[in-house]
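Scroll down for the structure; my scribbles are underneath it.
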Amino acid sequence: AQSVAQPEDQVNVAEGNPLTVKCTYSVSGNPYLFWYVQYPNRGLQFLLKYITGDNLVKGSYGFEAEFNKSQTSFHLKKPSALVSDSALYFCAVRDRNSGNTPLVFGKGTRLSVIA
Amino acid sequence: DAGITQSPRHKVTETGTPVTLRCHQTENHRYMYWYRQDPGHGLRLIHYSYGVKDTDKGEVSDGYSVSRSKTEDFLLTLESATSSQTSVYFCAIRTSGGEYEQYFGPGTRLTVT
């Protein structure tokens, strides 16, 4: 079975400070990993993905994420937070060998960047 | 939004009435999904489709049915709406190719009174 955990419901960070949103996953094989962002009253927007190769993945809006196989983690990071980064963030996973099964999403982490 | 539209965008209905939500895509994607989003639960899969007339259940399928008679349209029906089905419903498609990222529509906010 596939699962994702986002251990923090809420993350608060001051503008200009680095931010981290945590994600851990569980799959039986090797994972495809994704981050999505949701702004108020909008659908989810794709941010970045890890498929294979370099463990540090860069995505939209200056975000990046680091895949750590030994810790089964895929934390989202940004060196300098902006107030406009305030949103709901979702991590998702899919086992590469699971056929055509859909992505499994975490429960989301609300990021609040304070000016 | 990857050419995905949802209708209606907002609906208020009474308990016991049938409701159909429509998802329409313009890019001929094979895979389509219906999720519901609720506070504290994140996104939960209701049903998905892997082709015309090919559908399968997700983790919260009870009380919902789907149909896909054309590639571009994926319908979600609540046969007899209940207050527990008050939620925001999102449709998604999956891109072709190996990575399987999904793209989402703008959502439908459904209130069952």
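The values are calculated or read from the model by the stated rules, or taken from the named source; none is laboratory data. As the structure is a computational prediction, the values presented were derived from the model and not from experiment. Glycine gets a Cβ as well: all are built from the backbone with ideal geometry, and neighbour counts include every protein chain shown. Accessible surface areas use protein heavy atoms only, side chains included; no ligands, DNA or RNA. Shrake-Rupley method; radii C 1.70, N 1.55, O 1.52, S 1.80 Å.
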### Task
Test A:ALA87 against the criterion of being under 16 Å from B:LEU43 (Cβ atoms), at pLDDT 95 or above and open to solvent by 30 Å² or more (accessible area, probe 1.4 Å), and give yes or no.
no
### Query
Which one of B:VAL19, B:VAL52 is more than 9 Å from chain A (Cβ to nearest Cβ), surrounded by fewer than 21 Cβ atoms within 10 Å (Cβ to Cβ) and touching a residue at least 60 places away in the same chain (Cβ under 8 Å)?
B:VAL19
### Message
Here are the criteria: (1) out of contact with any Ser or Thr (no Cβ under 8 Å at 6 or more places or on another chain); (2) closer than 27 Å to A:ALA5 by Cβ. Tell me which single one B:TYR64 does not satisfy.
### Response
(1)
### Summary
Subset of the stretch B:22-31, residues more than 10 Å from chain A (Cβ to nearest Cβ) and either in a strand (DSSP E or B) or polar (S, T, N, Q) (or both), comes to B:ARG22, B:CYS23, B:HIS24, B:GLN25, B:THR26, B:ASN28
### Task
Filter the stretch A:13-34 for residues that are surrounded by fewer than 18 Cβ atoms within 10 Å (Cβ to Cβ) and more than 20 Å from A:LYS78 (Cα to Cα) and give the result.
A:SER26, A:SER28, A:GLY29, A:ASN30
### Task
Would you be able to say whether some residue in the stretch B:63-81 is without any contact (Cβ under 8 Å) to a residue 12 or more places away in the chain and either open to solvent by less than 50 Å² (accessible area, probe 1.4 Å) or acidic (Asp, Glu) (or both)?
no
### Index of the failed condition, B:TYR35 passing every other in (1) open to solvent by 50 Å² or more (accessible area, probe 1.4 Å); (2) in a strand (DSSP E or B); (3) within 14 Å of chain A (Cβ to nearest Cβ)
(1)
### Query
Of all residues in the stretch B:80-113, which are more than 10 Å from chain A (Cβ to nearest Cβ), touching a Ser or Thr at 6+ places or on another chain (Cβ under 8 Å) and within 15 Å of B:ILE4 (Cα to Cα)?
B:TYR89, B:THR108
### Residues of the stretch A:100-115 satisfying the condition of being within 10 Å of chain B (Cβ to nearest Cβ) and assigned to a loop (DSSP other than H, G, I, E, B)
A:ASN100, A:THR101, A:PRO102, A:LEU103, A:GLY106, A:LYS107, A:GLY108
### Considering residues of the stretch A:43-83 that are in a loop (DSSP other than H, G, I, E, B) and within 14 Å of chain B (Cβ to nearest Cβ) only, the residue most open to solvent (accessible area, probe 1.4 Å)
A:THR52
### Task
Pull up the stretch A:14-46, narrow it to residues that are of a type in the set (Gly, Ala, Ser) and touching an Asp or Glu at 6+ places or on another chain (Cβ under 8 Å), then point me to the one that is nearest to B:THR5 (Cα to Cα).
A:GLY43
### Query
Do the conditions hold for A:ARG94, that is, is it open to solvent by 10 Å² or more (accessible area, probe 1.4 Å), assigned to a strand (DSSP E or B) and within 14 Å of chain B (Cβ to nearest Cβ)?
no
